[in-house]
Amino acid sequence: MSTHSDAFSSPVRVAIAGLGAIGQSLAQSLAHGKVPGVELVAVSAKNHDKAQTFVQTLAHSVPVLRIEELEPIADLVVECAPAALLSEIVTPFVKSGKKAIVLSVGALLFNEHLRNVAREHGGTIMVPTGALLGLDAVIAAAEGDIHEVRMVTRKPPAGLKGAPHLVEHNISVDNLSEPLKVFEGNARDAAKGFPANLNVVVALALAGVGPENTMLEIWADPTVTRNTHTIHLDSDSARLTMTIENIPSDNPKTGRIVAQSVVAMLRKMQGSLRVGT
């Protein structure tokens, strides 16, 4: 029979799916024991050989597995992969009543079955704050009436290059000398047109008034060196204006703070004091 102290002696076993800039940073943090009570047990990546080389550089090496091999040995998966792989990564975990931390938040809008699977089997899908700010305030405001939410995103042109919306509309962001507005619309359309860039606006939408009612402008801006997001919210409880300027990681599409946000979420899960809504 397990005692009360035994319940706290088993670490949460974490698998990371995807070893881009975020996945690698997160793996390094967890392998170094940055979060007490959390153990990195496996990773998965498209390039198996490259991943094998990478895990040898960690404080303690872990196996490189196929996506379908992660769930049997882990309690929680952190999805840091291309959006197209979201369902393949998350389904086995939530179907087993386990947890999944999702970074391809935009893809959740196009994989709504995942929420149903999680609900039916007692699994949990978790979305970290990531490169955004103020989600606690938005979640609280949503308990009342939110009248309007809009966001303006400005990114260095290289961080938007290759996005499906730009390709489809023949919009070039090369050699810009001044800011160019490349998109205006709602969060659902932004997630479709910029799947690698705008997970932040979908997180904002899920926290607040939904993807159809969360509006967004995207600017390719050669005058900025940081990924900049400004949120304007008007509600019956508060009026908010918030701006965050994120330093890009090795991947210009993603801010450094994203990996740190996942570490913070894991730490909060384990904490005896949890600050924030």
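What to note about this one:
- In the chain, taking the dipole from charged Cβ atoms about the Cα centre, the farthest positive-side position among ALA259, HIS169, VAL182 is held by ALA259.
- Rounded Å value of the spacing that divides the Cα centres of the range 204-277 and the range 56-114: 22
- Around the amide H of ASN227, modelled in the peptide plane, lie the amide H atoms of ASN246, all under 5 Å away and 5 or more residues distant in sequence or on another chain.
- The range 223-277 pair-distance distribution - Cα-Cα, 5 Å bins, rounded %: 4, 15, 16, 16, 17, 19, 10, 2, 0
- In the assembled protein chains, HIS113 presents an accessible area of approximately 80 Å² (probe radius 1.4 Å).
- Size of the range 126-277 as Cα extents on the principal axes (Å, biggest first): 50, 34, 24
- Only DSSP H runs of four or more residues enter the estimate; each adds -39500 (n - 2.57), and after division by the residues of the chain the mean residue ellipticity at 222 nm equals -8500 deg cm²/dmol.
- Equivalent-ellipsoid semi-axes of the range 1-151, from the Cα gyration tensor, Å, largest first: 27, 20, 17
- Compactness of the range 165-208, expressed as Rg and Dmax over alpha-carbon positions, Å: 12.0, 36
- Both radii come from the Cα set of the range 80-190: Rg as radius of gyration, Rh as Kirkwood radius; their ratio Rg/Rh reads 1.03.
- Share of alpha-carbon pairs per 10 Å distance bin for the chain, given as whole %: 7, 28, 35, 23, 7, 1, 0
- A simple rule links phi to the HN-Hα coupling: the Karplus curve 6.51 cos²θ - 1.76 cosθ + 1.60 with θ = phi - 60°, which for the range 237-247 gives 10, 6, 10, 10, 9, 9, 10, 10, 10, 9, 6 Hz, with x for Gly and Pro.
- A simple rule links phi to the HN-Hα coupling: the Karplus curve 6.51 cos²θ - 1.76 cosθ + 1.60 with θ = phi - 60°, which for the range 33-45 gives x, 5, 10, x, x, 10, 10, 6, 10, 6, 9, 9, 7 Hz, with x for Gly and Pro.
- Fraction of accessible area attributable to carbon and sulfur, the chain (%, probe 1.4 Å): 50
- Intensity falloff of the range 32-97 expressed as log10 I(q)/I(0), Debye formula with alpha-carbon point scatterers, at q = 0.14, 0.20 Å⁻¹: -0.44, -0.88
The values are calculated or read from the model by the stated rules, or taken from the named source; none is laboratory data. Here the structure is a predicted model, which is why all the values come from computation and not from measurement. Backbone-built Cβ (ideal geometry, glycine too); neighbour counts: all protein chains shown. Side chains included, ligands, DNA and RNA excluded: accessible areas come from the protein's heavy atoms. Shrake-Rupley method; radii C 1.70, N 1.55, O 1.52, S 1.80 Å.
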